[in-house]
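Coordinate-derived values only; no laboratory data. These numbers come from a predicted model, not from an experiment. Note that we place each Cβ from the backbone using ideal geometry, even for glycine, and neighbour counts take in every protein chain shown.
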Amino acid sequence: MKLVVQRVKKANVVVNNETIGEIGQGYMVLIGVGPQDTKQTADFLVQKLIKLRIFEDENQKMNLSIKDINGELLIVSQFTLYADTNSGNRPSFVNAAKPDLANELYEYFVEECKKQNIKKVATGKFGEDMQVTLQNDGPVTIILEK
């Protein structure tokens with residue numbers, strides 16, 4: 001499982017010209033699922049994400065978590081995180097989980113994040129063509145994987 005975590009001032013996701021998820025300050029998280037991933041993988045990364053300290057404290061040090069700042073999450077499924085470009089110029093996605101497993105673990109990840117007492121957890125829509133807009137804060141982008 002791979003996460004791309006972007007610290008944002010705000011972010012939203014649009015499907016079919018309708019905003020289906022939006023947040024203020026927090027994390028915009030892209031999540032990719034691999035075929036070997038399990039609920040235990042998701043549990044580990046939920047805890048890593050929630051405890052990640054990349055917001056600045058009063059001394060301008062990255063020392064605060066999303067809970068510390070009462071931040072929000074926007075979680076978007078992104079199978080292309082598993083793109084393999086080692087052969088040729090057209091990416092292969094054979095390293096991504098099949099849609100059934102990917103959707104199951106994506107939904108599980110979202111539900112586990114909601115159990116963490118985060119102010120707001122918004123999502124994209126699995127398998128849909130989405131337009132994501134964000135205002136990256138910093139910019140700060142962190143990759144988490146297990």
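A Förster radius of 30 Å combined with the Cβ-Cβ distance from Ala83 to Glu18 puts the calculated FRET efficiency at roughly 0.60.
A DSSP coil position with no more than 14 other Cβ atoms inside 10 Å describes the following trypsin sites (Lys or Arg not before Pro) in the range 1-104: Arg53, Lys61, Lys67. On the beta carbon distance between Lys9 and Lys125, with R0 = 25 Å, the FRET formula returns roughly 0.60. Against the chain, whose longest principal axis comes from its Cα atoms, helix 99-114 is set at around 10 degrees.
Please work out the FRET efficiency for the pair Thr141 and Asp100, using the Cβ-Cβ distance as r and a Förster radius of 30 Å; give the result to the nearest 0.05.
Details: r = 29 Å, r/R0 = 0.98.
According to the calculation, E is roughly 0.55.
Computed over neighbours whose Cβ is under 13 Å from that of Gly26, the net charge equals +2, Lys and Arg +1, Asp and Glu -1. What angle, in degrees between 0 and 90 and rounded to the nearest 10, separates the Cα long axis of helix 39-51 from the longest principal axis of the Cα atoms of the chain? So the helix axis and the longest Cα principal axis differ by about 30 degrees.
Given Lys48/Lys119; Lys39/Lys61; Lys9/Lys67, which pairs have Cα atoms separated by over 22 Å? Before the final figure, lay out each step's value.
On the way: Lys48/Lys119 17 Å; Lys39/Lys61 33 Å; Lys9/Lys67 15 Å.
Lys39/Lys61, as the Cα separations exceed 22 Å there.
When the helices in the chain are scored as -39500 (n - 2.57) per DSSP H run of 4 or longer and the sum is shared across all residues, what 222 nm value do you end up with, to the nearest 500 deg cm²/dmol? For the chain, the value works out to -6500 deg cm²/dmol.
Need the C-alpha centroid separation for the range 1-59 versus the range 88-146, integer Å. Comparing the Cα centres of the range 1-59 and the range 88-146, I get a distance of 7 Å. Taking Cβ atoms as reference points and 12 Å as the exclusive limit, the residues near Ile143 contribute a net charge of +2, counting Lys and Arg as +1 and Asp and Glu as -1.
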